[in-house]
Structures are given as C-alpha cells and as structure tokens.
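Okay, structure first, notes after.
The values are calculated or read from the model by the stated rules, or taken from the named source; none is laboratory data. From a predicted model like this one, the values you see are computed outputs, not experimental measurements. Please note: Cβ atoms are built from the backbone with ideal geometry, for glycine as well, and neighbour counts cover all protein chains shown. The area values use the complete protein model at the heavy-atom level, side chains included, leaving out ligands, DNA and RNA. Shrake-Rupley method; radii C 1.70, N 1.55, O 1.52, S 1.80 Å.
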Amino acid sequence: MAVEIVTLDSPKAGALRRRAKPVGKITPDLEKLVDEMVVAMKAAQGIGLAAPQVGVSRRVIMAELEDQLHILINPRIVKREGNELGNEGCLSIPGIVAEVPRASRVIVKGKNRRGKGVVIDASGLLARIFQHEIDHLNGILITDRADPSTIRIIPPDERIEVASTSG
Ligand code: ZN
C-alpha cells in the first residue's frame with residue numbers, strides 16, 4: 001500500500017505534532033518506507049518530505065533539488081550560519097505560503113539509506129529544505145516559525161506552482 005501525505009485536517013495529523021523516534025537498524029520495512037516517500041514526494045511535486053508527513057513518526061527526511069535526491073536518516077544539524085527570510089510552503093498545509101527565517105547555511109549529519117554516515121554542507125534552498133524537514137521531525141510547522149502577518153493563502157489555480165517550493 002502506498003503512503004499518503006498527511007495534512008493538518010487529516011485523522012493522522014497527530015504525527016505532525018509529535019517528536020519522531022530515531023531509526024535503529026535499517027530494516028526492509030524502513031527501506032520500503034523510504035521508497036514510498038520518494039514516490040509520494042514526487043507525486044506531490046514537492047522538494048522535500050519527512051516521515052511524519054506520511055503518518056510515520058520516525059526520523060527520516062528527504063530533499064530533492066536539481067535532480068539530486070538526498071535521503072537522511074536520524075539527521076541533525078551540527079552547524080548553522082547566517083540568517084535569511086524566504087517563502088515556504090508545506091505539503092501538509094496545502095494552499096499557504098509564509099516567510100520563514102532560516103539559517104542560510106547548515107551542516108547536517110545523518111545516515112543514508114544503507115546506514116552509512118553522511119555529512120552534507122548545504123546552503124540556500126537546500127539548507128532551507130533540510131531545516132524545514134528536520135522541524136517536521138520535532139513537530140514544528142512553518143506556521144510556528146513565520147511572522148503571522150506573512151502567511152498568505154494561495155488561490156487553487158496557483159497551488160501547483162507553490163507545491164514546487166513545498167516540503
Ligand atoms: Zn512541510
């Protein structure tokens with residue numbers, strides 16, 4: 001069964017507000033979850049996704065930018081630099097965008113899908129996606145971080161475009 005993206009009004013929305021549990025061993029079930037998340041992210045034309053967004057409270061995130069797919073298990077930010085505001089959408093809160101302050105550069109450590117340790121030095125949009133997705137692992141949403149005056153509702157005909165900046 002394919003996974004589905006959980007939105008704030010769905011019955012599984014509780015996962016969006018919980019602190020997700022670390023992943024222990026990489027099991028076939030976990031690999032299946034990762035595969036299904038990739039499919040769900042692409043289908044939604046998103047650029048990032050975290051496991052709580054498919055109702056699974058585990059520390060797994062992904063980001064896809066310029067045809068490069070990053071999958072991180074138990075990710076953590078070990079360094080942040082700079083600060084910038086940028087527009088973000090969220091696949092779990094369809095139809096809104098908000099201006100969210102983020103570090104402009106982050107170094108993220110985690111494991112890849114084979115359980116090997118990886119370190120990613122990200123800046124700009126990729127850094128923003130990682131911060132957005134790691135927030136999801138801690139139950140934090142863009143509406144928690146944005147100045148409320150910057151939250152905008154997007155008309156349905158513009159939502160496809162917004163999806164391409166959402167995670
Ligand atoms: Zn999101």
**OP:** Go through the residues of segment 144-165 one by one and say whether even a single one is crowded, with 23+ Cβ neighbours inside 10 Å and within 16 Å of the ligand (Cβ to nearest atom).
**Re:** no
Subject >> Residue that is within 15 Å of the ligand (Cβ to nearest atom) and open to solvent by less than 90 Å² (accessible area, probe 1.4 Å), where the choices are 82, 14, 55, 24 >> reply: 55
Original post:
Could we say that residue 76 is basic (Lys, Arg), closer than 27 Å to residue 25 by Cβ and surrounded by fewer than 23 Cβ atoms within 10 Å (Cβ to Cβ) here?
Top reply: yes
Original post:
With respect to the numbered conditions (1) over 15 Å from the mean Cα position of the chain (by Cα); (2) under 23 Å from residue 12 (Cα atoms); (3) small (Gly, Ala, Ser), which one is the sole condition not fulfilled by residue 82?
Top reply: (2)
**OP:** Considering only segment 28-46, state which residues are touching a helix residue (DSSP H, G or I) at 6+ places or on another chain (Cβ under 9 Å), modelled with pLDDT of 95 or more and open to solvent by 10 Å² or more (accessible area, probe 1.4 Å).
**Re:** 33, 36, 40
Original post:
Within segment 93-114, is there a residue that is within 30 Å of residue 29 (Cα to Cα), within 16 Å of the ligand (Cβ to nearest atom), among the small types (Gly, Ala, Ser) and surrounded by 15 or more Cβ atoms within 10 Å (Cβ to Cβ)?
Top reply: no
